[in-house]
Each structure stands twice: as structure tokens, then as C-alpha cells.
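Worksheet: one structure, shown below.
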Amino acid sequence: MSSHQIERVQKIIANRGYVSRRKAEKLISEHRVKVNGEVVQDLGTKVSVDAQIMVDNHLVEPAAQKYYFIFYKPRNVVSTMYDPKHRKTIADYFKAVPTRVYPVGRLDYDVSGLILVTNDGEMANFVMHPRYEFIKTYQALVNGKTSKQTVNQLLKGVTIDDDNYFTKALTARIVNYNPDKNESIIELSIAEGRKHHVKKMLAAAAIDLKKLMRTKIENIELDQLKPGEYRSLTPYEVRSFYGTYKAVRRKTDS
């Protein structure tokens, strides 16, 4: 990479695999980033891609290798690499990885399932950017026998956040009903990501949720992973998800 090339500081930090671009912007706003010894004051600051960058006085060096993982987050695990309450975090499962990695987005503490973990800040920024709508699929274990009418309500749409926001599932179906336990499994997919989004949708449809699990993000699936396990994305999965995958829809195109 040419030393004459210049980029915004947050992009360089992300490209070096330190954190996502959004997180880098937050660090800059908190005046925790220095370039060649000077604190960066402006998010629009552009510098050489070879500049010396420090966060909290720690040198941000380029990652030698990019890592991409699918992690099956268990319930009651925090979707961060550090928790001030000293609860179990994703970091506890990635101690064998020889570089700093971090989760892309979050799952609620009590929600299990698929989460991407990487050291590629640009990929993380791509996935979390509000411009894109990634289709995420969930399975919900709920009390009682769910009716087709209830599932259709999810497809037609419900209002959440004190009736201020209308939202609907892209797909929704009844997977199974267990009469012995009087429990149903509902599968639904959404392309939005508000806080507690699926939980609020189910509550708005008067569905009594017991457990929630995310099973898929676009073309990436949990496969045969068990809670607490992870695997590397294949090169094809990385290319299709974060390169040429055209099924990701822009809000501006809808």
C-alpha cells in the first residue's frame, strides 16, 4: 500500500483490524486517538495509511491475518469482549485465537445463536451500517399452540415501541408444536435491527416467548455448531457475504 495514500483515521483503524469503523469514530469523539503523537479532533481528519496511530497510548498495528468466525453464542453470555459486571463474554471462547477479534453487532444476554466474530473492521462496519438491511432468521420457543392467524399477523405487521414503529416479518412459519409441553417453535426473518426487535414483535402479537435463538444471517448458518462452539468462515462464504453477495438490499433501493 502506497505511503502517499490517505484515508480517514477511523477507516485506517478499521482496516488494521482494531475495531469497527463505527467504534473507531466513537474513540475519536472521546479524544482517545492520536496520529503521529497528536490527538485527533475531527472525524473528517485524513492521514497517510502508514501513519502511526495510537488508541489510549497503545499502538494500532495492521493485523497480520484477517479472521472470520461464526460463533454459536450460548444464552447468558454477553456479546462483548469485556463486561464490567464480570459476566461471561464472547472473549472467554476465543482465547486460542492469536489476535484480537470482536463480535459484529450484538445478541441480547438471554438470546442464543449466530454471531459473527472477526478482526476485520471494514467487514464489521459493512455489516452494522444502517444503509444495509441484512436478513436475519430466528427461531422462537413459545408457550402454547400458535395459530396460523397469529403467524399471519407477524407477516402483516405489528407496531412496537409504544405504537410508534410499524414493522413486519419477511417470513414467518410454525416449525413445530409439542403437545406434551404445550410449546410451539416459530421461525421468522427480519431485515431490521432495533433493540429487542424480535422480542417486541412477538409481544405485540401476544406471543408468550420462552427462548429466542438466531439461526442465520443472510447465507451464513449455524450448521451443526453447538452452543459455545465456533468455526471459520470458508473463503467462499467470506466472498459471498462480504464481497459479491447481491441479495443484501439497500434501504435507498426499496
Taking only the alpha-carbon positions of the range 1-128 as identical scatterers, the Debye log10 I(q)/I(0) at q = 0.11, 0.12 Å⁻¹ comes out as -0.40, -0.48
Could you do me a favour and compute the accessible area per residue for the range 1-55, 1.4 Å probe, result in Å²? 55 Å²
Using DSSP loop states and a limit of at most 11 other Cβ atoms within 10 Å to flag trypsin sites (Lys or Arg not before Pro), what is the longest stretch of the chain containing no flagged site? 1-84
Can you put 132, 102, 230 in order of accessible area, largest first, using a 1.4 Å probe? 230, 132, 102
Just report the Cα centroid separation between the range 147-204 and the range 100-118, whole Å. 22 Å
Which loop chymotrypsin sites (Phe, Trp or Tyr not before Pro) in the range 1-87, with loop taken from DSSP, have no more than 13 other Cβ atoms within 10 angstrom of their Cβ? 82
State the extension gain, in nm to one decimal, for the chain segment bounded by residue 224 and residue 110, taking 0.36 nm per residue of separation less the distance between their alpha-carbons. 39.0 nm
Could you work out the percent of alpha carbon pairs in the chain separated by over 27 Å, rounded to a whole number? 45 percent
In the chain, what percent of the accessible surface is made up of carbon and sulfur (1.4 Å probe, ligands and nucleic acids excluded)? 47 percent
Treat every Asp and Glu Cβ in the chain as -1 and every Lys and Arg Cβ as +1, leave all other atoms uncharged, and give the resulting dipole magnitude about the Cα centre to the nearest 20 debye. 400 debye
Sum of -39500 (n - 2.57) over DSSP H runs of 4+, divided by residues of the chain (222 nm, nearest 500): -5000 deg cm²/dmol
Dividing the alpha-carbon radius of gyration of the range 109-254 by 2.2 N^0.38 Å, where N counts its residues, gives 1.11
Given the options 84, 227, 235, state which has the largest fluctuation in a GNM of the chain using a 10 Å cut-off (strictly under) for Cα springs. 84
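The values are calculated or read from the model by the stated rules, or taken from the named source; none is laboratory data. Just so it is clear, the model here is predicted, and its values are computed rather than measured. We place every Cβ from the backbone using ideal geometry, glycine too, and count neighbours over all the protein chains shown. For the accessible areas, the whole protein counts, side chains as well, though only heavy atoms, and no ligand, DNA or RNA atoms are used. Shrake-Rupley method; radii C 1.70, N 1.55, O 1.52, S 1.80 Å.
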